[in-house]
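> Once you've had a glance at the structure underneath, I'll fire off some questions.
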Amino acid sequence: MKLKLILLLIPIFILNGCEYDEFSPNQKFNSKTPKEVNNTQIATLPEKKPGSRIRIAVSGDTQRKYKESQEFVDHINSRNDIDFVILNGDISDFGLLLEFEGVYNIYSKLNVPFISVIGNHDQVANGFEIYQRMFGQTDFTFNYAGVKFVCHDSNSREHAFNGTIPDLTWLKNNMVRDAGQSGIVAFSHVPPTDADFDQKLRPAYENLMNSTPGVLASVHSHQHAPDIIYRKDDQGIPFIITNAIVNKAYTQLTIENGKIDAQAVFF
């Protein structure tokens, strides 16, 4: 009788244990997984007067490079002039909870806030659900020192090039300066020039960035290569494609006097 009771209880303990330990690569969360990380981090942004100089470290593509990620965090913590970090997509490689949590545990030791954008690798397997539960909405905005930051999903291939990503309607509605905002900077992972971006949407996307008043730049990552800056038809705003943590590199963005400057940094 006791043996039967023990055998009956084993599945219950296993099921409950999934809240605490990693039993399967398909696991989406456990009781210790943080939630709404982006909102939490945005809430910790320090007060800064509109018009003040803003300096951001953009670090995309951590992708299992935990040693390099830790070195990046140590490097940023050794500086005293970075306002916040943008982790610009591909937090994970295979969309696994352990990957998301591993990077979060490292980046959470930053002395400044970090805001995370969704990448194409973050949408494989259960990554899309994990990202949303852990970090929040895939399209969102926030304000800092009078600049509006518009973060969005541009991973068209992961949506089968169905014409919905990037969401141009959402972008049109949100790429509008609110009261007291002097500029707009857009962030997404896949750049318009990449084959993973829906090329049918590229002209409208680039035109929207160029025609929207106040847009300073559109910033992307994804390509794991030295920084590239291009302008559509050599005119309009800069489209900045940053290097990657996998290459021990990030891009320093400085916003000052209504202009944006990008500098590659290796660590």
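> Go through the stretch 68-100 and give me each residue that's outside any helix (DSSP H, G or I), open to solvent by 10 Å² or more (accessible area, probe 1.4 Å) and among the aliphatic types (A, V, I, L, M).
82, 96
> Kindly establish whether residue 135 is touching a residue at least 24 places away in the same chain (Cβ under 8 Å), surrounded by 22 or more Cβ atoms within 10 Å (Cβ to Cβ), in contact with a Phe, Trp or Tyr (Cβ under 7 Å, 6 or more places away or on another chain) and of a type outside the set (S, T, N, Q).
no
> Now, a different point. Find all pairs meeting these conditions: Cβ atoms under 9 angstrom apart; at least six residues apart or on different chains; first residue within the stretch 175-199 and farther than 16 Å from residue 138 by Cβ and part of a loop (DSSP other than H, G, I, E, B); second residue open to solvent by 60 Å² or more (accessible area, probe 1.4 Å) and charged (D, E, K, R).
Once the first residue is farther than 16 Å from residue 138 by Cβ and part of a loop (DSSP other than H, G, I, E, B) and sits in the stretch 175-199, its partners that are open to solvent by 60 Å² or more (accessible area, probe 1.4 Å) and charged (D, E, K, R) give 192/202; 193/202; 195/157.
> More than 20 Å from residue 104 (Cα to Cα) and either modelled with pLDDT under 90 or open to solvent by 40 Å² or more (accessible area, probe 1.4 Å) (or both): which single residue out of 49, 65 fits that description?
Answer to the check: 49.
> Can you name the residue in the stretch 184-219 that is within 19 Å of residue 246 (Cα to Cα) and touching a Ser or Thr at 6+ places or on another chain (Cβ under 6 Å) and is also surrounded by the fewest Cβ atoms within 10 Å (Cβ to Cβ) among such residues?
Looking at residues that are within 19 Å of residue 246 (Cα to Cα) and touching a Ser or Thr at 6+ places or on another chain (Cβ under 6 Å), I get 190.
> Ok, one more. Quick check, is residue 249 in contact with a Ser or Thr (Cβ under 6 Å, 6 or more places away or on another chain) and open to solvent by less than 60 Å² (accessible area, probe 1.4 Å)?
The answer is no for residue 249.
> Tally the residues that are crowded, with 17+ Cβ neighbours inside 10 Å and more than 17 Å from residue 203 (Cα to Cα), restricting the search to the stretch 225-246.
The total comes to 7.
> Right, something else. Here is a list: 88, 80. Which entry is free of Cβ contacts under 8 Å to residues at least 12 places away in the same chain and out of contact with any Pro (no Cβ under 9 Å at 6 or more places or on another chain)?
Going through 88, 80 in turn, just one is free of Cβ contacts under 8 Å to residues at least 12 places away in the same chain and out of contact with any Pro (no Cβ under 9 Å at 6 or more places or on another chain): 80.
> Looking at 122, 153, can you tell me which residue is part of a helix (DSSP H, G or I) and either open to solvent by 10 Å² or more (accessible area, probe 1.4 Å) or modelled with pLDDT of 95 or more (or both)?
Criteria check complete, one pass: 122.
> Restricting to the stretch 116-174, and then to whatever is under 17 Å from the mean Cα position of the chain (by Cα) and of a type in the set (Phe, Trp, Tyr), can you tell me which residue is nearest to residue 54 (Cα to Cα)?
Within the stretch 116-174, the match that is nearest to residue 54 (Cα to Cα) is 144.
> Kindly check whether there is at least one residue in the stretch 254-266 that is small (Gly, Ala, Ser) and on the phi < 0 side of the Ramachandran plot.
Scanning the stretch 254-266 turns up at least one residue that is small (Gly, Ala, Ser) and on the phi < 0 side of the Ramachandran plot.
> What are the residue pairs meeting all of these: first residue in the stretch 231-250, first residue within 17 Å of residue 212 (Cβ to Cβ), second residue polar (S, T, N, Q) and part of a strand (DSSP E or B), Cβ atoms under 6 Å, and 6 or more apart or on different chains?
Sorted first by the residue in the stretch 231-250, then by its partner, the pairs are 239/218.
> Yes or no: residue 267 of a type in the set (Phe, Trp, Tyr), farther than 22 Å from residue 145 by Cα, at pLDDT 95 or above and open to solvent by less than 10 Å² (accessible area, probe 1.4 Å)?
no
> Scan the stretch 252-264 residue by residue and report those that are of a type in the set (S, T, N, Q) and crowded, with 16+ Cβ neighbours inside 10 Å.
252
The values are calculated or read from the model by the stated rules, or taken from the named source; none is laboratory data. No experiment lies behind these values; they were computed from the predicted model shown. Glycine gets a Cβ as well: all are built from the backbone with ideal geometry, and neighbour counts include every protein chain shown. SASA here: full protein model, heavy atoms, side chains in, ligands and nucleic acids out. Shrake-Rupley method; radii C 1.70, N 1.55, O 1.52, S 1.80 Å.
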